[in-house]
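Worksheet: one structure, shown below.
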Amino acid sequence: KELIPSYIGREFKIGTSDCFTVVKYYFKKTLNLTINDYSRDNDWARLTPDLYEKNYANEGFRVVKEAPIELSDAKLHDVFLFRLLATDYASHAAVYLNNGFILHHPHNKYSTIEKMPDSYLRRAVLLVRHNTL
């Protein structure tokens, strides 16, 4: 399936154009699944650090694998949750696109599709899959 170009090249703005937003957009456009929005601002990691882990089940996702996670554990449309900040909770999300590629929106960078960096895979704490898949 051809990737929709509007997934990539978006400027980063917490709360409106960030890793959570690109995951939401992907699920809506690709699978017609709606994920609720959750308030995020520049202080979200301190105020609501468990945003992902507290809400994935409410949004219809289940855990497929906990750390350590390998690429071979993932299927198309799975979501990796990473600990990239100095927190005890997941602070970043990426959609798995197959063949080692992920769609994500790194902090203060443009949304992108790239091969999963080893440094990210080492920080993956949960792999979740939507219950419809």
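The values are calculated or read from the model by the stated rules, or taken from the named source; none is laboratory data. Source: prediction; values computed, not measured. Quick reminder, even Gly has a Cβ in these numbers, built from the backbone with ideal geometry, and neighbours come from all protein chains shown. Only protein heavy atoms, including side chains, enter the accessible area calculation; ligands, DNA and RNA are left aside. Shrake-Rupley method; radii C 1.70, N 1.55, O 1.52, S 1.80 Å.
One residue is enough: does segment 2-10 have a residue meeting the conditions under 19 Å from residue 127 (Cα atoms) and in contact (Cβ under 8 Å) with a residue 60 or more places away in the chain?
Filtering segment 2-10 for residues under 19 Å from residue 127 (Cα atoms) gives none.
Within segment 2-10, not a single residue is under 19 Å from residue 127 (Cα atoms) and in contact (Cβ under 8 Å) with a residue 60 or more places away in the chain.
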Looking only at residues in segment 110-129 that are assigned to a strand (DSSP E or B) and closer than 14 Å to residue 97 by Cα, which one is most open to solvent (accessible area, probe 1.4 Å)?
115
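Is it the case, given these coordinates, that residue 67 is of a type in the set (Gly, Ala, Ser) and touching a strand residue (DSSP E or B) at 6+ places or on another chain (Cβ under 6 Å)?
Values: of a type in the set (Gly, Ala, Ser): yes; touching a strand residue (DSSP E or B) at 6+ places or on another chain (Cβ under 6 Å): yes.
So residue 67 passes the test.
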Restricting to segment 100-109, and then to whatever is open to solvent by 20 Å² or more (accessible area, probe 1.4 Å) and touching a Phe, Trp or Tyr at 6+ places or on another chain (Cβ under 9 Å), can you tell me which residue is modelled with the lowest pLDDT?
107
Let me spell it out: the conditions are (1) crowded, with 20+ Cβ neighbours inside 10 Å; (2) at pLDDT below 95, and residue 97 meets all of them except one. Which number is the exception?
(2)
Selection count where residues are more than 23 Å from residue 8 (Cβ to Cβ) and either crowded, with 21+ Cβ neighbours inside 10 Å or not aliphatic (A, V, I, L, M) (or both), scope segment 77-94
4
Selection over segment 80-92 where residues are under 14 Å from the mean Cα position of the chain (by Cα) and more than 15 Å from residue 117 (Cα to Cα) yields a count of 3
From 74, 45, residue being under 18 Å from residue 133 (Cα atoms) and crowded, with 16+ Cβ neighbours inside 10 Å:
74
Of (1) crowded, with 17+ Cβ neighbours inside 10 Å; (2) in contact with a strand residue (DSSP E or B) (Cβ under 8 Å, 6 or more places away or on another chain); (3) in a loop (DSSP other than H, G, I, E, B), residue 23 fails just (3)
Criterion violated by residue 53 - all others in (1) modelled with pLDDT of 95 or more; (2) within 14 Å of the chain's Cα centre (by Cα); (3) open to solvent by 30 Å² or more (accessible area, probe 1.4 Å) satisfied
(1)
Residue match in segment 78-92 (condition: closer than 24 Å to residue 133 by Cα, aromatic (Phe, Trp, Tyr) and touching a helix residue (DSSP H, G or I) at 6+ places or on another chain (Cβ under 6 Å))
yes
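Which of the residues spanning segment 26-37 are more than 11 Å from the chain's Cα centre (by Cα) and either surrounded by 12 or more Cβ atoms within 10 Å (Cβ to Cβ) or in contact (Cβ under 8 Å) with a residue 24 or more places away in the chain (or both)?
Taking segment 26-37 first, the residues more than 11 Å from the chain's Cα centre (by Cα) are 28-37.
Those that are more than 11 Å from the chain's Cα centre (by Cα) and either surrounded by 12 or more Cβ atoms within 10 Å (Cβ to Cβ) or in contact (Cβ under 8 Å) with a residue 24 or more places away in the chain (or both): 28, 29, 30, 31, 33, 35.
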